[in-house]
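S.K.: Okay, here's the structure, questions in a sec.
The values are calculated or read from the model by the stated rules, or taken from the named source; none is laboratory data. Keep in mind that this is a model prediction, so the values were computed, not measured. Because the Cβ atoms are built from the backbone with ideal geometry, glycine has one as well, and the counts that use them run over all protein chains shown. These area figures cover heavy atoms from the full protein model, side chains too; ligands, DNA and RNA do not enter into them. Shrake-Rupley method; radii C 1.70, N 1.55, O 1.52, S 1.80 Å.
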Amino acid sequence: MSINVVHLVGRVGTDPDMKYFESGTVKCRLTLAVNRRRKDSEADWFNLELWGKTAEIANSYVRKGKQIAVRGSLKLDTWNDRSTGVPRSTPIILVDDLQLLGSRRDTETEMMNNSPEYC
């Protein structure tokens, strides 16, 4: 039996980075800062990857600083460094479930602050 489940709650560090493929598939990348229990320690940063409908929801409602909860699995992206040829890797959380946290009022205030003003 194998288990690969990750649950994280934190604040988004970047606005969604969307990529649209010719096949119609959508991918979104985000970073997430998660505080540790000890107040004197720094936050841990995670790279998130969302696909399909979850990616579209993130693009519509998630912005830098927004608190979210995610459930997904850990995957390792691997490649060879172009200049040295050395194998490299980075962990990524492949998100299956996204929850927007905070109040509805917070979300509405964020949207009002980010929309252009008309005179």
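S.K.: Select from the stretch 4-51 the residues that are touching a residue at least 60 places away in the same chain (Cβ under 8 Å), in contact with a strand residue (DSSP E or B) (Cβ under 6 Å, 6 or more places away or on another chain) and surrounded by fewer than 15 Cβ atoms within 10 Å (Cβ to Cβ) and write down the one among them that is nearest to Ala69 (Cα to Cα).
M.R.: Val9
S.K.: Run Val95 past the list (1) open to solvent by less than 60 Å² (accessible area, probe 1.4 Å); (2) without any contact (Cβ under 8 Å) to a residue 40 or more places away in the chain; (3) out of contact with any Phe, Trp or Tyr (no Cβ under 7 Å at 6 or more places or on another chain) and report the number of the one that doesn't hold.
M.R.: (2)
S.K.: Additional query: Scan the stretch 60-81 for residues that are open to solvent by less than 50 Å² (accessible area, probe 1.4 Å) and of a type outside the set (A, V, I, L, M) and jot them down.
M.R.: Selection gives Gly65, Lys66, Gly72, Ser73, Asp77, Asp81.
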